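Taken together, the values in this text are just the output of simple stated rules run on the coordinates, not laboratory data. Predicted model, so just to flag it, every value in this text is computed and none were measured. Neighbour counts run over all protein chains shown; Cβ positions are idealised from the backbone, glycine included.
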DNA sequence: TAGATTGTTAATCGATTAACAATC
DNA sequence: TAGATTGTTAATCGATTAACAATC
């Protein structure tokens, strides 16, 4: 792992490689090549080698990459060789689905709190969590040192809640609300919006 | 709309512009500029002008863009000036959330069927839909002429179901399973995976 | 008119690909 | 050894930005 700035676009591909490698490990495979991995994820072999080589020499000429070893290296690079506490804001259908999502635990994430501003929901259970009042969001998140939030609230309140999250010290937001949110430049945002993703494909139909 | 090939990366930004414009229209705004829109979505004004100008001259020097006009043009370009029937495969938590999602209707999509392979679920209701048997997937999708599918099933069966969808004539798949799926090159895939999206941000924490 | 903002060109910047020596 | 595949360089390709004439 060198000190030079790694382009964002490379970082964005690493989780895709990691996911494919974990599927391969599930099947009991031990080694792969840039060619093989590339076919699985739809990326050229040259690009995979170039991306991985930014961080060290993890392969062997003639044999390729050890799957378990490369998984460990990618986990370290992406800092998911540890568990991150995350919170969910919004206890609607999407919040429910995420609170019960099984895919977080083995990829470095652990849901610890769920918030909502609806008086009829606060205090009730959602999966293993008791829904907490959004008005306590800043103090609770700050004191727990939470850095990651999942936003599943209406577009109309997304910016306002985002500002609370930033105030509370959150540095990474996964935004399910159908609106672009503004954050300081030390805070990262990823948008997940099913309609927007579908609209990227209809052009080609 | 000219005949030259528009880069994929430009098409990917248009739904983001459209979403922001719709939020502005909701607030009653009538016009915007590349500068203003750019600040809202976090993209440079020059790039927004360049992207939009690929498709025609939709703005006016001195005053910018009419929001309703630009919304209509983007809808036409993205082919969401009509309604697309979509199906959901997998009646788990995520399938439920998507079946009840309110954000599809005004952005060009309409859920028409939900499938699952679990005998305990088939025949039961999910929102307004009766869950149908995956074994009838190909015939039903083919005869209804459906082109878009949302995949919310386990990684282990994702590729197998994908092949059925392709056989049935589906040309756009929104994949919620944590695995890369392979499709013929005339089929588009978008991946939505919360853990992968979070892993794109942890690197920077 | 004066000010603002587009659409477009050229320059810059960055990412991808092809090729191959090194080496397992 | 012979075959395979990495890591890396240089060439190519593509995307972004800056600048500005045109014009509302």
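Values for this structure:
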{"quantity": "Shortest-first distances to equivalent copies, position residue A:31, nm, label 7 Å out along Cβ", "calculated": "6.6"}
{"quantity": "Over the range B:148-189, relative contact order from alpha-carbon pairs under 8 Å, at least 6 apart, %", "calculated": "49"}
{"quantity": "Packing rank of B:187-193, B:77-83, A:195-201, where each peptide gets the mean count of other beta carbons within 10 Å, highest leading", "calculated": "A:195-201, B:187-193, B:77-83"}
{"quantity": "Backbone N under 15 Å from the residue A:118 label point (7 Å along Cα→Cβ), restricted to the range B:68-106", "calculated": "B:97-98, B:100-103"}
{"quantity": "Label point distance in nm, residue A:106-residue A:8, each placed 7 Å from Cα along Cα→Cβ", "calculated": "3.2"}
{"quantity": "Cα gyration tensor shape for chain A, rounded if a/c is under 1.5, else prolate or oblate", "calculated": "prolate"}
{"quantity": "For the range B:76-117: relative contact order, % (alpha-carbon pairs under 8 angstrom, 6 or more apart)", "calculated": "55"}
{"quantity": "Residue-averaged 222 nm ellipticity for the protein assembly as shown, from DSSP H runs of 4+ at -39500 (n - 2.57), nearest 500", "calculated": "-12000 deg cm²/dmol"}
{"quantity": "Among B:177, B:99, B:144: highest mean-square fluctuation, GNM of chain B, C-alpha pairs under 10 Å", "calculated": "B:144"}
{"quantity": "Exercise: per-residue mean of other protein chain Cβ atoms within 10 Å, B:18-27", "calculated": "3"}
{"quantity": "Cα centroid separation - the range A:10-45 against the range B:109-171, whole Å", "calculated": "27"}
{"quantity": "Shielding of B:54-66 by partner chains, average beta-carbon count, 10 Å", "calculated": "0"}
{"quantity": "Whether the range A:143-192 is rounded, prolate or oblate, judged on the alpha carbon gyration tensor where a/c under 1.5 counts as rounded", "calculated": "prolate"}
{"quantity": "Residue with peak Gaussian network fluctuation, chain B [Cα springs, cutoff 10 Å], from B:108, B:90, B:38", "calculated": "B:38"}
{"quantity": "Fewest-first ranking of A:156, B:152, using other Cβ atoms within 10 Å as the exposure measure", "calculated": "A:156, B:152"}
{"quantity": "Closest approach to the axis - chain B beta-carbon, rotation onto A, Å", "calculated": "B:97, 2"}
{"quantity": "Of B:63, B:162, B:31, the one that fluctuates the most in a GNM where chain B has Cα springs shorter than 10 Å", "calculated": "B:63"}
{"quantity": "Teacher prompt: residue B:82 distances to equivalent labels in other copies, 7 Å Cα→Cβ, nm", "calculated": "5.2"}
{"quantity": "Inter-chain Cβ neighbour average for residues B:139-149, partner chain, 10 Å", "calculated": "1"}
{"quantity": "DSSP-defined beta bridges in the protein assembly as shown - what % are antiparallel, rounded to 5", "calculated": "25"}
{"quantity": "Taking the range B:8-135 and dividing mean pair separation by its residue count, relative contact order in percent (alpha carbons under 8 Å, at least six apart)", "calculated": "19"}
{"quantity": "Nm distances between copies for residue A:6, ranked from closest, using label points 7 Å along Cα→Cβ", "calculated": "3.4"}
{"quantity": "Percent of beta bridges antiparallel (DSSP, chain A, rounded to nearest 5)", "calculated": "25"}
